[in-house]
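S.K.: Please find one structure pasted underneath; my questions will follow.
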Amino acid sequence: MELDIYFFSRSLAIEVDGVYNHQGEDVQKRDALKDQLCLEQGIKLLRISDVEINKSWLETTTKILNFIS
C-alpha cells in the first residue's frame, strides 16, 4: 500500500486527494480499500483535498499539525 506521507513511528498517514485524480468509481473503491487497510493496520489516516489546501493553506496546516500532535 502506498501512502503520500507516513509517520512510521507514530502510525499516522496523510493522503492528499487531488480533485482531478480522485474522480470516478474506481478511485473511490481504491480509496475505500486504502482506508480499510489503514484501519486494519492500526494506521490513523488523514485525508485532505487539494481544494482544501488551495482554499486555506493556514487552516490546512493547522489541521495537519493537530493531527500529528
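The values are calculated or read from the model by the stated rules, or taken from the named source; none is laboratory data. Not measured: the values here are computed from a predicted model. Cβ coordinates were reconstructed from backbone atoms using ideal geometry, including for glycine residues, and neighbour counts include every protein chain displayed. We work out accessible area using only protein heavy atoms, side chains counted, and drop any ligands, DNA or RNA first. Shrake-Rupley method; radii C 1.70, N 1.55, O 1.52, S 1.80 Å.
S.K.: Which is modelled with pLDDT of 95 or more, charged (D, E, K, R) and open to solvent by 80 Å² or more (accessible area, probe 1.4 Å), of Glu25, Glu40, Glu15? Give the steps one after another, and end with the answer.
M.R.: Details: Glu25 fails: modelled with pLDDT of 95 or more; Glu15 fails: open to solvent by 80 Å² or more (accessible area, probe 1.4 Å).
Going through Glu25, Glu40, Glu15 in turn, the sole match is Glu40.
S.K.: I've got another one for you. Here are some conditions: (1) part of a loop (DSSP other than H, G, I, E, B); (2) modelled with pLDDT of 95 or more; (3) open to solvent by 70 Å² or more (accessible area, probe 1.4 Å). Glu2 meets all but one. Which one does it not meet?
M.R.: (2)
Results for (1) touching a strand residue (DSSP E or B) at 6+ places or on another chain (Cβ under 9 Å); (2) more than 13 Å from Asp4 (Cα to Cα); (3) free of Cβ contacts under 8 Å to residues at least 24 places away in the same chain, shown as yes or no for each residue.
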| position | (1), (2), (3) |
| --- | --- |
| Asp17 | yes, no, no |
| Asn21 | no, yes, yes |
| Leu33 | no, yes, yes |
| Gly42 | no, yes, no |
| Arg47 | yes, no, no |
| Ser56 | no, yes, yes |
| Asn66 | no, yes, yes |
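S.K.: Let me ask another. Looking at Asp31, is it part of a helix (DSSP H, G or I), at pLDDT below 95, open to solvent by less than 80 Å² (accessible area, probe 1.4 Å) and of a type in the set (Asp, Glu)? Give the derivation first.
M.R.: Numbers: part of a helix (DSSP H, G or I): yes; at pLDDT below 95: yes; open to solvent by less than 80 Å² (accessible area, probe 1.4 Å): yes; of a type in the set (Asp, Glu): yes.
Considered against the rule, which asks whether it is part of a helix (DSSP H, G or I), at pLDDT below 95, open to solvent by less than 80 Å² (accessible area, probe 1.4 Å) and of a type in the set (Asp, Glu), Asp31 comes out as yes.
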